[in-house]
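**Student:** Here's a structure for you.
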Amino acid sequence: MRFREGVIAVFVMAALAGPAAADTPEQVRGAMAAALKERLPELAEAQYPLGSAAFDPDLRRALEENAAAGAGAIEAGKALWTRKFRDGRTLAGCFPNGGRRAAASYPQFDPRVKRVVTLEMAINQCLKAHNESLYDHSDPKTMGVVIAYLRSLSNGQKVAVRVPAAAEERFDQGRRLYHTRLGQRNFACASCHLQGAGKRYVDAPLSPAIGQATHWPVIRRGAPLTLQDRIRECLELMGAAPFPTGSEELNNIEYYLTYLSNGLPLSANAWRP
Amino acid sequence: MARRHALLAMWAAALGMPAAAQAPAVPPAFVQSDKGHCIACHQVPDGAGPATRADLGPRLDGARMRTLGKARLRELIDDPTRANPNTVMPPFGRHRILERTEIDRLVEYLHALP
């Protein structure tokens, strides 16, 4: 048991340190998958999207019982999605297929502006193009519900984020931030979601990094909470000043984290206590 | 008569009770989320603190704490990264999350665990 624990520790520490900067995104994802497999040999790939619930039967049961918790948010989001702008267009008109099957490929790298573009940014780009008021990224009543609806149109689609060569620096920035200790508590995201994955912090199991990006927004007390808002909550708990939503830092973390979940099915609007 | 015998028996039992079996008082810093919040990661023996399923850190038992000794415990709480740079445990003293007196009270509590 001691020898196996030592082997796991070496593997986890190597992954925590982060792969060499020259590694491709797929090599980075492979290293994370291998480290988590060493740490959690019993966890099947299909269970990764469950997050914390993969380790807690009571939580899994509660998730199933509350599967429709996002219905109100989705309904409200659909109304905004199909609302006519002053020029007669709609948000749906800005996306191919009215937004169906769009979410699985976000975030995306936009070579024109050389930035990672999240789904929230794409929505605001559409609103701006049609001279409509932009949505606050953190407002659950506008951006939150639209994201809840739009991502529900991709449920079951496999996450398929691309990192072209021009975007690798952004991906790498996200990776480094994920593995960097921050704040008064000196935690990195990886401290909990790689090193501590499957262990309980307070009473809740810590979700593994792979699978984390598949189920956003989550529905908490009936309201949608986006991935970046949740990361901000974590940063505050860590005693770190949280990066603003839509910042380069959070966009790049989201880019990295979502890429790690490539190949896993999207399942938006998961209930959380 | 029977009542007097019962009272005497209880008193005798109390006098015979060993001090080590009584759990130490839990310092506030052990449970407060803006302080040590040790309970977020560690379990303690039954009756010695709040029950939790947390297991991110090792279970804290008195024998292990006394083997480490108070000086070592103080160092580990102050800055555990000196012993293990990859530890998840925060450096409570170095990062001024806890005052020296709070660390001292935690050390006394841990050292007295069953």
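The values are calculated or read from the model by the stated rules, or taken from the named source; none is laboratory data. Note that this is a predicted model, so its numbers are computed, not measured. Cβ atoms come from the backbone with ideal geometry, glycine included; neighbour counts cover every protein chain shown.
**Student:** Restricting the search to the range A:197-239, which residues are small (Gly, Ala, Ser), surrounded by 23 or more Cβ atoms within 10 Å (Cβ to Cβ) and not in a helix (DSSP H, G or I)?
**Tutor:** Step one: filter the range A:197-239 for residues small (Gly, Ala, Ser), giving A:197-198, A:204, A:207, A:209, A:211, A:213, A:222-223, A:239.
Add one more test, that the residue is surrounded by 23 or more Cβ atoms within 10 Å (Cβ to Cβ), and what stays is A:197, A:209, A:211, A:213.
Scanning the range A:197-239 gives A:197, A:209, A:211.
**Student:** Of all residues being in contact with a Lys or Arg (Cβ under 7 Å, 6 or more places away or on another chain) and not hydrophobic (A, V, I, L, M, F, W, C) in the range A:229-250, which is nearest to residue B:37 (Cα to Cα)? Just the residue, please.
**Tutor:** Step by step, filter the range A:229-250, then rank; the result is A:239.
**Student:** I would also like to ask the following. Mind listing just one residue for me: the one in the range A:155-183 that is part of a helix (DSSP H, G or I) and of a type in the set (Gly, Ala, Ser) and, of those, nearest to the chain's Cα centre (by Cα)? Break it down stepwise before answering.
**Tutor:** First, pick out the residues of the range A:155-183 that are part of a helix (DSSP H, G or I): A:165-179.
Subsequent filtering for residues that are of a type in the set (Gly, Ala, Ser) retains A:165-167, A:174.
Working: A:165: 22, A:166: 22, A:167: 18, A:174: 12 Å.
In this case the residue turns out to be A:174.
**Student:** Can you name every residue in the range A:160-178 that is touching a helix residue (DSSP H, G or I) at 6+ places or on another chain (Cβ under 8 Å) and surrounded by fewer than 19 Cβ atoms within 10 Å (Cβ to Cβ)?
**Tutor:** Residues satisfying the conditions are A:160, A:162, A:168, A:173.
**Student:** Taking the options B:69, B:47, name whichever one is exposed (fewer than 15 other Cβ atoms within 10 Å of the Cβ), at pLDDT 95 or above and at positive phi. Give the derivation first.
**Tutor:** Numbers: B:47 fails: at pLDDT 95 or above.
The unique qualifying residue is B:69.
**Student:** For residues that are acidic (Asp, Glu), free of Cβ contacts under 8 Å to residues at least 40 places away in the same chain and more than 13 Å from chain A (Cβ to nearest Cβ), tally how many sit in the range B:79-114.
**Tutor:** Here is the first cut: in the range B:79-114, the residues acidic (Asp, Glu) are B:79, B:99, B:102, B:104, B:108.
Next, only the ones that are free of Cβ contacts under 8 Å to residues at least 40 places away in the same chain stay: B:79, B:99, B:104.
Subsequent filtering for residues that are more than 13 Å from chain A (Cβ to nearest Cβ) retains B:99, B:104.
Residues in the range B:79-114 being acidic (Asp, Glu), free of Cβ contacts under 8 Å to residues at least 40 places away in the same chain and more than 13 Å from chain A (Cβ to nearest Cβ): 2 in total.
**Student:** With the condition kept exactly as written, say whether any residue in the range A:184-191 is in a loop (DSSP other than H, G, I, E, B) and crowded, with 23+ Cβ neighbours inside 10 Å. If you could, list the steps in order and put the result at the bottom.
**Tutor:** Of the residues in the range A:184-191, the ones in a loop (DSSP other than H, G, I, E, B) are A:184-186, A:188.
The next check asks that each one be crowded, with 23+ Cβ neighbours inside 10 Å; those that pass are A:186.
Yes, that holds for at least one residue.
**Student:** Let me ask something else about it. If residue A:148 satisfies every condition in (1) within 14 Å of another protein chain (Cβ to nearest Cβ); (2) at pLDDT 95 or above but one, which is the exception?
**Tutor:** Only one criterion in (1) within 14 Å of another protein chain (Cβ to nearest Cβ); (2) at pLDDT 95 or above is unmet by residue A:148, namely (1).
**Student:** Could you please find all residues in the range A:189-203 being under 17 Å from residue B:40 (Cα atoms) and either within 9 Å of another protein chain (Cβ to nearest Cβ) or under 15 Å from the mean Cα position of the chain (by Cα) (or both)? Break it down into steps so the answer makes sense when it comes.
**Tutor:** Of the residues in the range A:189-203, the ones under 17 Å from residue B:40 (Cα atoms) are A:189, A:191-193, A:195-203.
Across the range A:189-203, the qualifying residues are A:189, A:191, A:192, A:193, A:195, A:196, A:199, A:200, A:201, A:202, A:203.
**Student:** While we're looking at this one, here's another question. Looking only at the range A:46-71, count how many residues are more than 17 Å from residue A:192 (Cα to Cα) and either of a type in the set (Gly, Ala, Ser) or surrounded by 13 or more Cβ atoms within 10 Å (Cβ to Cβ) (or both). Before you say what the answer is, go through the steps one by one.
**Tutor:** Here is the first cut: in the range A:46-71, the ones more than 17 Å from residue A:192 (Cα to Cα) are A:46-47, A:57-71.
Among the residues that remain, those that are also either of a type in the set (Gly, Ala, Ser) or surrounded by 13 or more Cβ atoms within 10 Å (Cβ to Cβ) (or both) are: A:46-47, A:59-60, A:62-63, A:66-71.
The qualifying residues number 12.
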